[in-house]
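First the structure, in the form of structure tokens, and then the observations on it.
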Amino acid sequence: MITFENIRYRLLAIDTLTLSPGITSVIGPNGSGKSTFLKICAGIALPESGTVFVDGRPPRDIAAGYVNEFPDRNIIFSSVKDELASPLRFCRTPCEETDRTVRACAGTMRITDLLDREMQELSGGEKVLVALATACINRPRVLVLDEYDSHLDASRCAWLQSALRVSGAEYIIRCTQQMETAAESNYLLYMEKGKVVHEGTPASVFSRLIDSPFYPISWRWPV
Amino acid sequence: MEVAGLKLVLSHVTAGYPRWSLAADCVFLPGIHLVSGDVGSGKSTLALMMAGLRTPESGTVIREGISQVMLSFQFPEFHVTGLTVAEECRSWGLLSDEIIRSAGIDVTGETPALSLSRGELKRLHLACVLARNYDLLLLDEPFSSLDCAEKEKICRKISSRSSGITVIFTHEQSVFPHVDHIWEILEGRLVDCGNMPGAIEHWQHAPALVKKLTLAGRTPHELTPEGIREAACRTQE
């Protein structure tokens with residue numbers, strides 16, 4: 001379980017929240033605090049007050065993968081190969097094992113054709129795919145993804161949905177503006193002005209958003 | 001007001017070789033055009049060539065009668081030249097109070113521009129872009145990171161553009177403005193799907209719901225939320 005108690009950080013105010021293993025999606029208007037919440041989940045930001053525990057330990061003690069909402073802010077190295085290898089090298093993984101893992105991960109994430117490219121010559125969507133692979137390569141327990149889907153085509157998003165489920169990450173916490181993607185989650189949070197206003201299964205949360213633009217269009221108009 | 005004679009011509013244009021390739025040989029007339037294509041298929045490269053910011057490897061891009069061009073990059077942070085929201089608005093020659101109101105974001109003129117979330121920054125950027133008219137308006141992923149309510153608002157603004165050539169490059173699957181013409185990149189080539197609504201029949205990247213409606217014999221006449229609702233609620237003839 002990931003437990004949040006009395007969190008205060010910038011505009012974020014969460015009194016109590018518990019997330020179970022699986023995919024949790026976070027939705028809400030721009031500026032509602034989704035990205036700030038994700039940064040706390042990944043241990044990138046520490047709350048000004050309150051506590052977060054992942055199975056009893058603080059997020060910074062847990063292996064976490066994180067994809068920033070600004071694709072370029074994920075990039076540390078100039079080549080795709082170095083970028084993908086970086087989480088392994090930072091843990092002093094032996095070179096041969098790093099090379100092997102990079103190839104295997106690129107294969108699994110279907111980006112082998114990008115391995116010999118430079119990061120800055122990639123398209124927006126390709127940068128996100130490399131960032132996702134880099135976040136997953138060291139098998140994190142917590143995978144935090146900030147709008148990874150906003151630069152990807154529909155078929156890639158659909159494929160990634162199943163790839164994420166088998167990524168090995170126990171907790172996947174992501175925010176998205178694609179309500180059909182949010183609907184395919186184990187748990188859904190709807191945020192407004194720094195607070196979690198609705199939480200529960202996608203069906204129960206969306207039932208409270210039926211009169212808002214956040215209700216999935218394919219649910220509104222079943223064919 | 002309809003501006004006569006505006007025309008964007010891509011004549012035997014190629015780009016991307018040898019890493020990947022894109023070929024385009026077509027004409028864009030006034031109206032709202034939608035271009036779809038997979039990740040890395042060359043949508044942003046096409047937008048850069050149309051704007052004159054990138055030279056094709058072969059062929060020519062001709063902007064007939066077009067004097068004002070605006071390209072909105074898919075990453076709003078690439079546009080930022082001011083340290084604060086007010087400076088950023090001034091760099092566009094616009095008043096920050098009006099733009100903040102139009103973007104509907106909870107910031108002041110003194111807020112550092114790059115401290116905004118990506119969705120807020122996109123809203124600020126689009127408010128600046130859509131505050132003026134251009135003969136050729138190129139929007140690369142305009143809806144990415146916008147919340148659902150804002151997507152609908154931006155779509156209404158785009159739909160109300162009554163003149164000029166507007167080209168939207170997007171992966172969007174749910175919310176669209178009024179669209180006149182659809183294109184898609186397939187196997188390295190820009191393919192003309194045709195005018196709406198006939199274009200939908202040929203549109204391989206059509207969103208799942210649009211495809212389902214078409215298969216059910218209820219092809220939407222419009223991609224707007226109203227058009228989708230009309231098709232979904234249409235009584236079978």
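Every number in this text was worked out from the coordinates using simple rules, so none of it is lab data. Note that the structure is predicted; figures quoted are calculated from it, not measured.
Divide the volume of the convex hull of the Cα atoms of chain B by its number of residues and quote the answer in cubic angstrom per residue.
130 Å³
I'd like the distance between the alpha-carbon centres of segment A:47-110 and segment B:84-159, rounded to an integer number of Å.
32 Å
State the dimensionless ratio Rg/Rh of segment A:75-138 (Rg: radius of gyration of Cα atoms; Rh: Kirkwood radius).
Across segment A:75-138, the Cα-based Rg/Rh ratio is 0.93.
Please list, short to long, the whole-number percent of alpha-carbon pairs of segment B:75-132 in consecutive 10 angstrom bins beginning at zero.
28, 67, 5
Return the percentage of antiparallel bridges among DSSP beta bridges fully within the protein assembly as shown, rounded to the nearest 5 %.
50 percent
If I take all pairs of Cα atoms in chain A, what percentage of them are more than 34 Å from each other?
Above the 34 Å cut-off, chain A has 14 percent of its Cα pairs.
For the protein assembly as shown, which semi-axes, largest first and in whole Å, follow from the square roots of 5 times the eigenvalues of its Cα gyration tensor?
35, 26, 23
Take the alpha-carbon centre of segment A:157-180, take the same for segment B:5-42, and report the distance between them in whole Å.
Using only Cα atoms to place each centre, the spacing works out to 32 Å.
Any chance you could count the Lys pairs in chain B whose alpha carbons are under 20 Å apart, treating pairs 8 or more apart or on different chains as valid?
Lysine pair count for chain B: 5.
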